[in-house]
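Everything on this sheet refers to the single structure shown next.
No lab work stands behind these numbers, since they all come straight from the coordinates. Predicted model, so just to flag it, every value in this text is computed and none were measured. Please note: Cβ atoms are built from the backbone with ideal geometry, for glycine as well, and neighbour counts cover all protein chains shown.
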Amino acid sequence: MTELYAEVNGIKICYEIHGEGEPLILVHGWGASKDGWFTQVGALSKYFKVIIFDNRGAGKSSKPNYPYTMDMYADDINGLLEYLNIEKTHLLGESLGGMIALNFILKYPRRVNKFIIINTFPGFPNEQGPEMYSQGKIAYSEELKKDPLHAFLKSAKASYSREFFKKMQEDPKKKFFGLWSVEDLVNIDLANPSTPEDNNNAASAVKGHNVTGRLHEIKSETLLICGEKDRIATLSVQTNIHEQIPNSVFKVIKDARHGVSKEKAPEVNETIIDFLKK
C-alpha cells in the first residue's frame, strides 16, 4: 500500500488507507509505528476503511524536536480526519495510542463512533514511570544498533507470556498465525528507530496525561481489551477504566501480556470486528 502524507498542524503525517467501508483509525504505541499494525490490518480491512498513521515523532512522520503534549497528538488526529474529509470514525488506540485516543475522544467526542482501547492508562501517579519507560526505550534503540535480535528479545520478554516467548526465542523466523515472525518485528524497529529526542518528547506528553477524573464523560460505545497477565498496563488498571466508562464492555484475553495484539492476534481481531459490526 502506498504511503501518503498529510500536512497537519505544521508537520507531515505519514499514513496509509486499507479497505473500504466505515473508517477505523488505529493509533500505535510508544516507540512503535504504523507498520506494527500489520497483524491487524489484513483482518480489519475486510470490513472497514482502516487508516494507520505514524504519530508525530515516530516512523516517517515529522519529528519536531520539542516537548509534545496529549493535545498535540489529539489535534494531529483531528487534522488528519479533516484532511481526509472524514466527519466521524471508529477509533482504536493501544498503550500510548490508547492514551492519545482517550484524550482525543474527550476533546472531540462528536468525531468518534465506536471506541476501542487496548492495554492503556488513564494517568500516572508521578513522573517516574514515564521517565523510566523513556530511558528504557532509549537504551533499546542503542542496543538495536549492535545486536538487533538480542535487543528485541530482551526488550520483548516482559510483553509476552512465558510459553509464547519461548517459541519466539526458539525460532525467530516462525510465522505465528501465518501473520508475523520475530524477524518481521525486528525489521520494523530497524527501519525507523526512535531517537533519544523522540522518546523524551513523547515522555513529556505522557507525564502530562491524566484523564482519570473524566472517564465518565465518554459516551461512545467502548470496548476495552486487556492481556490478563499484562505487567505494564495491569488488569486492575483496565478494570478501573471499564468501571468508570459508562457504556463499556471488557474483554480479558487469557494468558497474554502487553503484546496481546501480536500474541493473540486472531482473537483480538475477531473481538474488534464483532464489537464494531454488532
So if I take the centroid of the Cα atoms in the stretch 93-118 and the same for the stretch 204-278, what is the distance between those two points in Å?
11 Å
Dipole magnitude of the stretch 4-277, debye to nearest 20 (Cβ charges: Lys/Arg +1, Asp/Glu -1, about Cα centre)
340 debye
Hey, rough spin-label estimate for Glu197 and Lys173, points 7 angstrom out along Cα→Cβ, what's it come to in nanometres?
3.9 nm
Roughly speaking, what % of Cα-Cα pairs in the chain are separated by over 26 Å, rounded to a whole number?
37 percent
Which percent, to the nearest 5, of DSSP beta bridges fully inside the stretch 4-277 are antiparallel?
30 percent
Going 7 Å from the Cα of Glu127 in the Cα-to-Cβ direction, what parts of the stretch 167-210 have a backbone nitrogen less than 14 Å from that spot?
200-209
With -39,500 (n - 2.57) per DSSP H segment of 4 or more residues and division by the full residue count of the chain, the 222 nm estimate, nearest 500 deg cm²/dmol, is -13000 deg cm²/dmol
In nanometres, the difference between 0.36 nm per residue of separation and the alpha-carbon distance of Tyr108 and Phe250 is 48.8 nm
Sort Met99, Met72, Met132 by Cβ crowding within 10 Å, fewest neighbours at the top.
Met132, Met72, Met99
Pairwise label distance in nanometres, Tyr5 with Arg162, each label 7 Å out on the Cα-Cβ vector
4.9 nm
With at most 16 neighbouring Cβ atoms within 10 Å, loop chymotrypsin sites (Phe, Trp or Tyr not before Pro) (DSSP) excluded, longest segment of the chain:
48-176
For Glu20, what charge total do you get from the other residues with a beta carbon under 12 Å from its beta carbon, if Lys and Arg give +1 and Asp and Glu give -1?
+1
Quick one: order Leu190, Leu80, Leu24 by neighbouring beta-carbon count within 10 Å, fewest to most.
Leu190, Leu80, Leu24
